[in-house]
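Take a look at the structure set out below.
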Amino acid sequence: MFNRKKKPAIRSLLAHGSRVDGNLIFSDGFRIDGSVNGNITGSAEQPSILVISEHAVVSGEVQADHIIINGCVNGPVRARVLLELQPKARVQGDVHYQALEMHQGAVITGQLQPDPQQQEKPVLKLASNNA
């Protein structure tokens, strides 16, 4: 999906120091530098990308096509296409993915569960510091 087409642009930002209590639904791209206490869902009708920066804290379920985490997520994560876990990522909850890229230093406290509808074995990639 993202390899052949242009990735969606980041059109929304929750700035560092900002806090949202409640569920968020977004389309295209969304970057979180603040904190969210609620579920975050990317649109299923069009490609979505969610970036959770190293200063961000999310308490709730996270769901989008492409998810990049370098902060803290307390809740389940569901990446419909690709999940990237950066070195400072901390996830407390089950992780569902179609493809997973995990950098050294990322921590998951929960189960890793590939997409059950996927016919092939899931793609797992360990990113090295030299790449």
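The values are calculated or read from the model by the stated rules, or taken from the named source; none is laboratory data. Only a predicted model underlies this, so the values are computations on that prediction, with no experimental measurement involved. Counting neighbours? That spans all protein chains shown, and the Cβs are built from the backbone with ideal geometry, glycine included. For accessibility, only protein heavy atoms count, side chains too; no ligands or nucleic acids. Shrake-Rupley method; radii C 1.70, N 1.55, O 1.52, S 1.80 Å.
Summing +1 for each Lys or Arg and -1 for each Asp or Glu among the other residues whose beta-carbon sits under 11 angstrom from that of Q63 gives 0.
Would you work out what percent of the accessible area of the range 1-119, with all protein chains in place, is carbon or sulfur (probe 1.4 Å)?
That fraction is 47 percent.
Gain on full extension, evaluated as 0.36 nm per residue between N74 and N37 minus their Cα-Cα distance, stands at 12.4 nm.
In sequence order, the range 90-102 has phi-based couplings of 9, 10, 10, x, 6, 10, 10, 7, 9, 9, 10, 10, 10 Hz under the Karplus curve 6.51 cos²θ - 1.76 cosθ + 1.60, θ = phi - 60°, and Gly or Pro positions carry x.
Would you mind giving the average projected area, over all directions, of the Cα convex hull of the range 22-99 in nm² with one decimal?
Values: hull surface 16.5 nm².
Mean orientational projected area (the range 22-99, Cα hull): 4.1 nm².
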